[in-house]
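Have a look at the structure below before the remarks.
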Amino acid sequence: MPRNAPVKKALTQLDHRIEAAVGHSIDRLWQHRDRDLLDEPHTHLVDAHRSLVQAETNVTFYRSQLNSLSSGEYPVDGSLFERIDRTLGLLEDAARTRDQRQAQAITALEPVEAAARDKAPRDVPDLPAPDIAALLAITQGAKLHQNLLTQQLYVVTASGTRIPYSQLQRLEEDRLVVRDTSHPVTAGQPVTLTDTGRAALIAPRSPKAPGAVPVPRPGTWPAVTPARR
């Protein structure tokens with residue numbers, strides 16, 4: 001199954017275990033997979049879970065088809081018996097495949113659960129929303145440029161977002177991003193996320209107190225405008 005194929009996220013018996021191990025929802029985990037933000041164990045887990053979801057969807061489909069055949073809508077004759085028999089066979093095959101893929105998903109989940117139990121909380125910063133937005137933009141591709149006339153430095157992402165140099169410096173100080181200095185800045189120095197930067201994006205967010213106004217860090221982009229009274 002292609003990684004980005006549209007698959008309805010049917011419920012599986014492992015959903016709660018997976019969410020407990022990774023610290024956030026299945027939907028968010030799939031999104032991180034599509035953005036290539038996961039390490040190898042988590043990537044393997046998502047791929048195995050997607051295969052399990054597809055198999056569970058097939059089981060649901062054939063079970064619904066069997067319920068329809070036995071609903072009384074169709075005349076009871078030899079043709080109906082043949083259809084029921086054929087659907088039962090397909091349901092058995094689908095359930096067998098589902099069980100196999102569930103076992104594969106459990107195999108992929110166990111090392112993630114073990115790491116969650118044994119590993120201390122990751123030392124990643126609790127970033128403000130503008131920095132999260134900047135990191136997400138950088139994941140699409142980004143370069144540091146210098147204006148030849150003004151000598152101003154700024155980061156341009158593939159989506160067209162511009163990130164001030166001061167913010168880039170802070171992200172570098174926090175070891176969230178790194179730039180390839182082997183390229184001249186006039187031609188554009190590629191900027192990429194570090195492992196810490198990826199971890200900061202997928203880490204669970206700390207809940208904020210209701211009504212609390214975040215204090216912007218110096219140089220944060222965009223600047224927070226005070227609410228008018």
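The values are calculated or read from the model by the stated rules, or taken from the named source; none is laboratory data. Quantities reported herein were computed from a predicted structural model and do not represent experimental measurements. Quick reminder, even Gly has a Cβ in these numbers, built from the backbone with ideal geometry, and neighbours come from all protein chains shown. In case anyone asks, the SASA skips ligands and DNA or RNA and just uses the protein heavy atoms, side chains included. Shrake-Rupley method; radii C 1.70, N 1.55, O 1.52, S 1.80 Å.
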| said: Let me confirm something: among GLN140, GLN167, which residue is in contact with a strand residue (DSSP E or B) (Cβ under 9 Å, 6 or more places away or on another chain) and open to solvent by 60 Å² or more (accessible area, probe 1.4 Å)? | reply: GLN140
| In region 22-46, which residues are closer than 12 Å to ALA108 by Cα and in contact (Cβ under 8 Å) with a residue 60 or more places away in the chain? | PRO41, HIS42, HIS44, LEU45
| Counting only residues that are part of a strand (DSSP E or B) and either in contact (Cβ under 8 Å) with a residue 60 or more places away in the chain or among the polar types (S, T, N, Q) (or both), how many does region 155-172 have? | 1
| field | Qualifying residues in region 116-133 (those that are open to solvent by 80 Å² or more (accessible area, probe 1.4 Å) and in a helix (DSSP H, G or I)) - the one modelled with the highest pLDDT | value | ARG117
| note | Subset of region 161-196, residues of a type in the set (A, V, I, L, M) and either at pLDDT 90 or above or under 27 Å from the mean Cα position of the chain (by Cα) (or both), comes to ILE163, LEU168, LEU171, LEU176, VAL177, VAL178, VAL191, LEU193
| task | Residue by residue through region 81-110, note down the ones that are closer than 20 Å to ALA20 by Cα and open to solvent by less than 70 Å² (accessible area, probe 1.4 Å). | result | GLN102, ALA103, ALA105, ILE106, ALA108, LEU109
